[in-house]
1. Give just the number: which of (1) within 10 Å of chain B (Cβ to nearest Cβ); (2) open to solvent by less than 50 Å² (accessible area, probe 1.4 Å); (3) touching a residue at least 24 places away in the same chain (Cβ under 8 Å) does A:Ala93 not satisfy?
2. So how many residues does segment B:39-79 have that are touching a residue at least 60 places away in the same chain (Cβ under 8 Å) and in contact with a helix residue (DSSP H, G or I) (Cβ under 6 Å, 6 or more places away or on another chain)?
3. Sort out which residues of segment B:163-193 are in contact with a helix residue (DSSP H, G or I) (Cβ under 6 Å, 6 or more places away or on another chain) and surrounded by 17 or more Cβ atoms within 10 Å (Cβ to Cβ), and write them in order of number.
4. Mind listing whichever residues of segment A:67-89 are open to solvent by 10 Å² or more (accessible area, probe 1.4 Å) and under 16 Å from the mean Cα position of the chain (by Cα)?
5. Could you tell me whether any residue of segment A:205-222 is in a helix (DSSP H, G or I) and among the hydroxyl-bearing types (Ser, Thr, Tyr)?
6. Go through (1) closer than 17 Å to A:Pro65 by Cβ; (2) open to solvent by less than 70 Å² (accessible area, probe 1.4 Å) for A:Ile108 and report which single condition fails.
7. For segment A:280-300, enumerate the residues that are hydrophobic (A, V, I, L, M, F, W, C), outside any loop (DSSP other than H, G, I, E, B) and closer than 11 Å to A:Asn259 by Cα.
8. Can you pull out the residues in segment B:2-41 that are open to solvent by 10 Å² or more (accessible area, probe 1.4 Å) and at positive phi?
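The values are calculated or read from the model by the stated rules, or taken from the named source; none is laboratory data. Quantities reported herein were computed from a predicted structural model and do not represent experimental measurements. In this analysis, Cβ positions are derived from the backbone assuming ideal geometry, glycine residues included, and neighbour counts consider all displayed protein chains. Surface accessibility is based on the protein's heavy atoms, side chains included, excluding ligands, DNA and RNA. Shrake-Rupley method; radii C 1.70, N 1.55, O 1.52, S 1.80 Å.
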2 protein chains.
Amino acid sequence: MSFEVTILGTSSATPTLSRHPTSQYLVCNNQRILLDCGEGAQMQMLRYGIKMFRIDKIFISHLHPDHYLGLPGYLSTLSLKGRIEPIHVYAPAGMGEILDVHFRHGAIHLTYDLHIHELPSSENFEVIYQDSGLEVSCFALEHRLPCWGFLFKEKKSPFKINEDVIAEKKIPVKAFSYLKKGEDFIDDNGILYSVEECTIPNLPAVSYAYITDTIYLPALAENLRNRDITLLYHEATFMEDLRHKAIETYHSTTLQAANFALKSNAKKLLIGHFSSRYNDLSGLLAEARSVFPFTELAEEGNTFTI
Amino acid sequence: MSFEVTILGTSSATPTLSRHPTSQYLVCNNQRILLDCGEGAQMQMLRYGIKMFRIDKIFISHLHPDHYLGLPGYLSTLSLKGRIEPIHVYAPAGMGEILDVHFRHGAIHLTYDLHIHELPSSENFEVIYQDSGLEVSCFALEHRLPCWGFLFKEKKSPFKINEDVIAEKKIPVKAFSYLKKGEDFIDDNGILYSVEECTIPNLPAVSYAYITDTIYLPALAENLRNRDITLLYHEATFMEDLRHKAIETYHSTTLQAANFALKSNAKKLLIGHFSSRYNDLSGLLAEARSVFPFTELAEEGNTFTI
């Protein structure tokens, strides 16, 4: 069981020699997910050894080109390699039209089914995907274009079977689902398999909140407060002295990202989407840490366990 | 006066760890030109120190995504940096619609004028741009989509003023244009400035032919024979043992590229657009050189003087 994120791109709109447009690779247990897909994402996946063919879900935050321009090329590459498993893209209205115009002019017929799910226009948290182990919801941010954040929450039973006692107590497989939920199980012969004897408490479920391209939204941070954010990614395009620039361009500063982390009660903060004006990022890190010490830089190629 | 090409990307449709989608940067005297603009071209320009803001003409060979996907991002970056000088894009029909869908959904209003010139559908050589120093013509290739090659020809007067005698003979500026064309000049006082005394023969004009994504076209090579090709770029997606694959996918092999160079009487050949199956390119080079010894690999970051 693993829950981790690898940074593929962390520039703001203008890339630099060492920073590519936004993209992240998220592994949630068996799910492999792409978060935004900036220009060059497929090359970054090659560079960092990401198994790009295992991804089957892509979440696009908004339709500024630095957040999705890698998508037509990545989807084409999968097709050239003969992929047959479907791909699901969760994106703002318009993504389908954009992809269609590329595929039409390039006479590209994908070898797999591409399902495009339009993000809902409601402002509240809305679940857009779930299975037995993962729940993904989206929520509105505030940028120059409609923009969404995403919350990835692990789904976990409160208890797990104590492997040390499975053989000794001959726990039948049938009992597992009851015990994991915290319910005792009695088999057909009347033998009791109690939660207390057969299980240990599971590790708490973890979660990842992805918030890019937005002005500072303290009300959203309050809303996230009771959602147990293990790792928060919040854009920090500018340092604090350029707050006016952040406001003007609908972005955030280091201190705003750090205050958001504080207010939302996140355990850890990752900052990224750095303006091309910063060569050295240590000043941004220091500024964010002055408010929220558990901050790290989203640097390309780094993997963070959630 | 310089005429040189820098390779920015040389992969075929699927990029590899060391090869990016097609793009080349061409300097023809004062002109700075982009030839195709595959995904990641703007990052490659940063990597190789190309002054991307000086480019004002972009030629796109065809609408397969590996040849133009870098264009929306590159054009957006120029706008974010506040460019005001116009950009001219010479591309197949459809390029305008593709760019428009990106700009519309991204609410992007370019800070400069973007002129899109649709490539003509005629099969013959057609001049699509010229000024006092450069002539660009396009011609039809044969690929799975309509595809064009481009011929960049330096325009040069046959003579240049002999700088050693300018002062000595007090050659008036007014005489220069006559002398360069090979005409004697007599000033108002009846003094003769002769071509023989005042000029030296100019270096011959050079030319660059760019031929990517096509089956082998020997008739085109014959057509190019009298056009004095100094440097020929010809795709060589496959080695000769995969000729059937080249035919099937409308591409060329190393030997076909080399034979094209022979037939067209080009002075030098650059091969590129290599299939992702080749890690080591030395076999492709050896194969091409067995037919045409003056062959080089179009490797990224390399600059070739024309």
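1. Failed condition: (2).
2. Total satisfying the criteria: 2.
3. B:Ile171, B:Leu179, B:Phe185, B:Tyr193
4. The answer is A:His88, and nothing else.
5. There is no residue in segment A:205-222 that is in a helix (DSSP H, G or I) and among the hydroxyl-bearing types (Ser, Thr, Tyr).
6. (1)
7. Within segment A:280-300, A:Ala288, A:Val291 qualify.
8. Hit for segment B:2-41 is B:Asn29, nothing else.
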